[in-house]
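J.: Take this structure, written in structure tokens, and hold onto it; I'll ask about it next.
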2 protein chains.
Amino acid sequence: MSDYAAPLADIRFALSQIAGLDNVLSLQGFEDLTPDLIDAVLDEAGKFASGVLAPLSRVGDTQGARLENGVVRMPDGFPEAYKAYVDGGWNGPVFDPERGGQGLPWLVGTALNEIWGSANLGFSLGPLLTQGAVELLEAHASAEQKDTYLENMITGRWTGTMNLTEPQAGSDVGALRTKAVKEGDHYRISGQKIFISYGDHEMVENIVHLVLARTEGAPEGIKGISLFIVPKYLVNADGSLGQRNDLRPGSLEHKMGIHASPTAVMLYGENEGAVGYLIGEECRGIEYMFTMMNNARLGVGLQGLSVAERAYQQAVAFAKERVQMRDAVNGGKEGVTIIHHPDVRRMLMRMRAQVEAMRCLAYEAAAGLDLAKRLADPDARKLAQRRVDLLIPIVKAWSTDVGQEVASTNVQVHGGMGFIEETGAAQHYRDVRIAAIYEGTNGIQSIDLVGRKLGRDGGEAMGLLAAEIAATVETLRAQDDADLSAIVAPLSEGLASLERTTRWMVGHIGQNPGEALAGATSYMKLAGYVVGGWYMARSALATVGSGDAFSVQKRQIARFFAEQLIPEGVAMERPITTGGALVAGMSVDAF
Amino acid sequence: MSDYAAPLADIRFALSQIAGLDNVLSLQGFEDLTPDLIDAVLDEAGKFASGVLAPLSRVGDTQGARLENGVVRMPDGFPEAYKAYVDGGWNGPVFDPERGGQGLPWLVGTALNEIWGSANLGFSLGPLLTQGAVELLEAHASAEQKDTYLENMITGRWTGTMNLTEPQAGSDVGALRTKAVKEGDHYRISGQKIFISYGDHEMVENIVHLVLARTEGAPEGIKGISLFIVPKYLVNADGSLGQRNDLRPGSLEHKMGIHASPTAVMLYGENEGAVGYLIGEECRGIEYMFTMMNNARLGVGLQGLSVAERAYQQAVAFAKERVQMRDAVNGGKEGVTIIHHPDVRRMLMRMRAQVEAMRCLAYEAAAGLDLAKRLADPDARKLAQRRVDLLIPIVKAWSTDVGQEVASTNVQVHGGMGFIEETGAAQHYRDVRIAAIYEGTNGIQSIDLVGRKLGRDGGEAMGLLAAEIAATVETLRAQDDADLSAIVAPLSEGLASLERTTRWMVGHIGQNPGEALAGATSYMKLAGYVVGGWYMARSALATVGSGDAFSVQKRQIARFFAEQLIPEGVAMERPITTGGALVAGMSVDAF
């Protein structure tokens, strides 16, 4: 049976107590949704994840996707699981019901994505990519294009891909060379794209590739890039599938993890050129891409949480089963399960504290997406959008760094067994490693946080967040509870450190960008641990007055986070404020 | 060609300026050795590593060792490389020249082990295990046993293994069940051992298994364990090989990394019982094992350094080659190599600072092994031994944790390419993960540091180390150099934190072991970063007055370590001193 059970109590807690599910459900467009309905959706998702997706995770790892005679073969069970996923209506929860979606908030869609990612990361990537492609088409495609593609993609009958990267154009997407030559009402696309997740497979009848390419005469760099729909099979006017387009998977990458996900080199236009349809206007491709960036980065950040949750569950199960050594604290002659050993328990508490903080952060960012889109008041929407913009790089970078650590701790809890592939701990460790890299490396996220998010408003959005943290500290001070009181000092120290370093960053990013950027990753870590600590404090405050085990533990874990993890963020202040000049000034020849 | 070059300048610097090579060469038994000879040995080792071992590292990973029809097949090229290694006299550098060794200090043997580990970790494990077995036999075997086995093992014509672990007996070796039944001048051994590195292979004619087992009527637990020599082929009185012993590899593990190293389940005595020869006396097996523990743990700690050095070299090479994005600091229209980007440079400096600190630490610990064995004055020997005992768990745990981080940073520097197996970065990341687990998990090392090393002398040995750090701080204060001056504050803060937490630990380990042990890993991290910072400061001080690039960089990197890394250690003080009660008190049911 499955070794993953969706942590529904924790998910519901984060939805309602942190991310404001009720508030989100009161937004325009969600009139028909009720908390009971959301509960039922989560229950069913948990069953599907444990029953269908999780048992295939290891199959996906060991078999992997394979390219055989030009055809991508998915691991055993994946096509059937994908069909069940589509039939269950799971593919487009957040999209328009009139086009086959479920009309749920992104907040709920994010909880679902957490569950899919925990159950089977390799599987979940396909739908995640399709989700991104749908978003892009919803925002920028013509009415005709929407009619042609959206319903099939939202339901999951077709999947979507994002084609940005080329060998010389990774983080530097502006360096791409794929060409688009106008020909009547369409373009001919030719070029090579790499790292295309779910670039090809046979689980669906058609694949809708969204491809960045440069039209003839377009400027160099990102300003000359346009976005095209390049379907695997052309679609006839009546919606039926026509001829095969001039594109194919050239090879699949041998990756360290997420083996089930076919990561393809895609070859466009080896013959007459692949038929592509321009989205919107020429040379606005990057701008269009940006509209889905926040959601995509949220989706990847969530993978850190997803794998961490799975790893935590596995570590707890092992620690409660494995007998080794006597109890060093309480004595006794017999061996005890290793969960009795303080160092093991510390590892488990650390994993759990990190998981809970990541969940609160990701869910509140997701709620922000809904608020920014649907609040009635334009100023309130704008404010919500600024908060989302600030949180998203933290969700992406901090959560994927922490997710790696949690997966590694799971390996460590398992001891020698953790290094043996059959145990499964190694797979999570290998799988999650990609999340810090794709969808903008964590270095890029940190530079975005410092350069763009602090830089563009002089730290104002961060100042508003800091004010909320300060208010939480004051609320904590007023409580009569040992665990809550213990949070005050570390959280307020973290806040002070965040405020000082924010001022330093704002003061340096313009004049001394080298020094500032040298501290970007450190600033990200500081922001992550302080903001994470704030979420944990809010979790703890939400349980005040309740003496049940769940509530008591929420307060204990929040205290643990404050005492043990916030200091790791605060430790970044010196590197940020003193170390940049040395890094920036070091000669290239010194390496 | 090879992508690894032994960092001989850095190795020589650490040998002479930190570990006191001259001092070691003045010890009894090293009269014939000169610095020139050592230089020549290192040069040759570097050539052999780059020319023969490093190119096989990836072959070892992709092919792995395989068990076919009961026979372990090594990856292509490994048998030839092993033969060349043996023929070159590399197998027993630190052992008795009269038995085929080279009579070099452990200090030099450690530098060699660093190089082998960097070049090909999977290969290097075989000789490392043999080295451990030789040490044990040298210390505890009878004259006849030594005559029978040692020369062949020291030269590498035979290899050795260590058989401790059983399915129910990992960290808890006292739980082992393998039986030894006396039969005349030998014993019959039966039982199953797991995780036996180089448990079987065909590169040599014989394998000498050292096996822990329990004799009839022996007490439960570690006090009833004896140590046996169990050769694959029995050895006739004339030294020739006789009949095959009743033992075989049952299977090889599928591991996340070090694929070239055959990790066997060893089955002893499926038929008449394997013939085993008692080493020393019955029931003293664990005591004997302890005599080689420090060296074995040094060897594994060194693997963190080895892989980190290799990863650092790969990251630098990639960062100097990969063009991506314009220079955000200095402008320009063209893309630049990514080493120009501050965040990438920060990653490289961090890797390098960590590598250099690990090297100094490991080498000084190795020098301590020589001093503790060979100093003329017994009190001085004892003092040296206490320092070694204190440093060894730090070498093992801190260096393997840091080695993982460095290998992960290399993946990150490579971006998407880092996740592709062909790049090689992933292999280092997977390989090094075991080092934090075997030879006593890092949790066990931390408990050893706190419980045994601080506990047994009330923190006196740590106090002596702290006094030396304090003296270094004073020397730094007297310097007129911006980089050296910048080290003073972070190092003295680190020292103060180490002293406070040491007092706290000493005060708690007896009365509140649960609280103390909950902070053991955090204390290890603090000790590692402060001691690492001290070594870097000493490196910097050793270059005072020199203005060449090498010396300037040593001071810059030391400053970087102080500013950027020591704070991460200091951040552990709060978790250690405030967090333990919560961890110790958490109910098992809470998880």
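Taken together, the values in this text are just the output of simple stated rules run on the coordinates, not laboratory data. These figures come from a predicted structure and were not determined experimentally. Here Cβ is always computed from backbone atoms with ideal geometry, including for glycine, and neighbour counts include all displayed protein chains.
J.: Starting from the amide H of residue B:280, placed 1.01 Å from N in the peptide plane, find each other amide H under 5 Å away whose residue is 5 or more places distant or on another chain.
T.: Here the answer is B:142, since their amide H atoms fall under 5 Å of that of residue B:280.
J.: Straight-line reach from residue A:333: which lysines have a Cα under 17 Å away, not including same-chain ones fewer than 8 places off?
T.: Qualifying lysines at Cα under 17 Å: B:223.
J.: Given contacts defined as C-alpha pairs under 8 Å and at least six residues apart, what's the relative contact order of chain A, whole-number percent?
T.: Once divided by the residue count of chain A, the mean separation gives 13 percent.
J.: So, one more: What is the sum of charges, Lys and Arg at +1 and Asp and Glu at -1, for the other residues whose Cβ falls under 11 Å from the Cβ of residue B:101?
T.: Spelling it out: positives minus negatives among the neighbours equals -3.
J.: To test your reading of the geometry: what angle, between 0 and 90 degrees and rounded to tens, separates the Cα axis of helix B:121-140 from the longest principal axis of chain B?
T.: It is inclined by approximately 60 degrees.
J.: Let me ask you something else. Treating the point 7 Å from Cα along Cα-beta-carbon as the label, what are the nm separations from residue A:503 to the other copies, to one decimal?
T.: Label-point distances to the other copies, shortest first: 3.3 nm.
J.: Go through region B:146-160 residue by residue and turn each phi into a ³J(HN,Hα) via Karplus (6.51, -1.76, 1.60, θ = phi - 60°); whole Hz please, and just put x for glycine and proline.
T.: 4, 4, 6, 10, 4, 4, 5, 7, 5, 6, x, 5, 10, 10, x
J.: While we're here: Given +1 on the Cβ of Lys and Arg, -1 on the Cβ of Asp and Glu, and no further charges, what dipole in debye does region B:8-155 carry about its Cα centre, rounded to the nearest 20?
T.: 580 debye
J.: Next up: Please give the net charge around residue A:590, taking every other residue with its beta carbon less than 15 angstrom from that of residue A:590, where Lys and Arg add +1 and Asp and Glu add -1.
T.: +3
J.: Using only Cα atoms, tell me the angle between helix A:482-509 and the longest principal axis of chain A; keep it within 0 to 90° and round to the nearest 10.
T.: So the inclination is approximately 50 degrees.
J.: On to the next question. Kindly give the distances from residue B:242 to its copy-mates, label point to label point, with each label point 7 Å from Cα along Cα→Cβ, as nm values to one decimal ordered shortest first.
T.: List, nearest first: 8.5 nm.
J.: Right, something else. In region B:327-422, which trypsin sites (Lys or Arg not before Pro) are in a loop and have at most 10 other Cβ atoms within 10 Å, using DSSP for the loop call? Write out the running numbers ahead of the final one.
T.: Details: sites: B:333, B:345, B:346, B:350, B:352, B:359, B:373, B:374, B:381, B:382, B:386, B:387, B:396; in loops: B:333.
Counting only loop positions with at most 10 other Cβ atoms within 10 Å, the trypsin sites (Lys or Arg not before Pro) in region B:327-422 are B:333.
J.: Also, quick follow-up: As a check on your grasp of the helix formula, calculate [θ] at 222 nm for chain A: sum -39500 (n - 2.57) over DSSP H runs of n ≥ 4, divide by the residue count, round to the nearest 500.
T.: So the helix-based figure for chain A works out to -17000 deg cm²/dmol.
J.: One decimal, nm, shortest first: give the distances between the label point of residue A:485 and those of the same position in the other copies, each label point 7 Å from Cα along Cα→Cβ.
T.: Output for residue A:485: 4.5 nm, nearest copy listed first.
J.: Label points 7 Å out from Cα along the Cβ direction at residue B:284 and residue A:40: separation in nm?
T.: Each label point is offset 7 Å from its Cα along the Cβ direction, giving 7.6 nm.
J.: Next question. Subtract the Cα-Cα distance of residue A:143 and residue A:183 from 0.36 nm times their separation in residues, and report this length gain in nm to one decimal.
T.: So the extension gain works out to 12.3 nm.
J.: Hey, what angle do you get for helix B:78-87 against the long axis of chain B, alpha-carbon based, 0 to 90 degrees rounded to 10?
T.: 90 degrees
J.: Another one. Taking 8 Å as the Cα distance limit and 6 or more residues as the minimum spacing, I'd like the relative contact order of region A:339-441 as a percentage. The partial results should precede the final answer.
T.: On the way: 72 pairs, mean separation 22.5, N = 103.
Reported relative contact order: 22 percent.
J.: Additional query: Can you give me the Rg/Rh ratio for region A:8-155, using Cα atoms for both radii and the Kirkwood formula for Rh?
T.: Computed over Cα atoms, the ratio is 1.00.
J.: Just how far, in whole angstrom, is region A:271-348 from region B:242-295 if you go by their alpha carbon centroids?
T.: 37 Å
J.: Right, here's the next one. Would you tell me which residue of chain B has the beta carbon closest to the rotation axis bringing chain B onto chain A, and how many whole Å away it is?
T.: Result for the axis mapping B onto A: B:571, 2.
J.: Treating only the Cβ atoms of Lys and Arg (+1) and Asp and Glu (-1) as charged, compute the dipole magnitude of the protein assembly as shown about its Cα centre; round to the nearest 20 debye.
T.: 880 debye
J.: Return the FRET efficiency for the residue pair residue A:422, residue B:478: r is the Cβ-Cβ distance, R0 is 51 Å, and the value is rounded to the nearest 0.05.
T.: E(calc), rounded to 0.05, equals 0.30.
J.: Separation between the residue A:456 and residue B:548 pseudo-spin-labels, each 7 Å from Cα along Cα→Cβ, expressed in nm?
T.: Calculated label separation equals 5.1 nm.
J.: Additional query: With point charges of +1 on the Cβ of Lys and Arg and -1 on the Cβ of Asp and Glu, referenced to the Cα centre of the protein assembly as shown, which listed residue (B:319, B:469, A:266) lies farthest in the positive direction of the dipole?
T.: The residue sitting most towards the positive pole is B:469.
J.: Principal axis lengths of region B:441-586 from Cα atoms, whole Å, largest first?
T.: Here the spans come out as 55, 26, 25 Å, largest first.
J.: Grab the eigenvalues of the alpha-carbon gyration tensor for chain B, scale each by 5, take roots, and send me the semi-axes largest first in whole angstrom.
T.: 39, 29, 24
J.: Another question, then. Beyond 25 Å between alpha-carbons counts as too far, so tell me which of A:554/B:255; A:525/B:525; A:179/A:453; B:193/B:255; A:320/B:179 fall in that bin.
T.: Beyond 25 Å between Cα atoms: A:554/B:255; A:179/A:453; A:320/B:179.
J.: According to the Cα gyration tensor, what semi-axes, each the square root of 5 times an eigenvalue, does the equivalent ellipsoid of the protein assembly as shown have, listed from largest to smallest in whole Å?
T.: Details: eigenvalues 498, 222, 190 Å².
Gyration-tensor ellipsoid for the protein assembly as shown: 50, 33, 31 Å.
J.: Moving on. Per residue of region B:361-375, what does 6.51 cos²θ - 1.76 cosθ + 1.60 with θ = phi - 60° give for ³J(HN,Hα)? Whole Hz please, x for Gly and Pro, Karplus curve as stated.
T.: 4, 5, 5, 5, 4, 5, 4, x, 4, 5, 4, 5, 8, 10, 4
J.: Same structure, new question: Work out from phi, with θ = phi - 60° and the Karplus expression 6.51 cos²θ - 1.76 cosθ + 1.60, the ³J(HN,Hα) of each residue of region B:31-38, listed in order in whole Hz, and give x for Gly and Pro.
T.: 4, 8, 8, 10, x, 4, 4, 4
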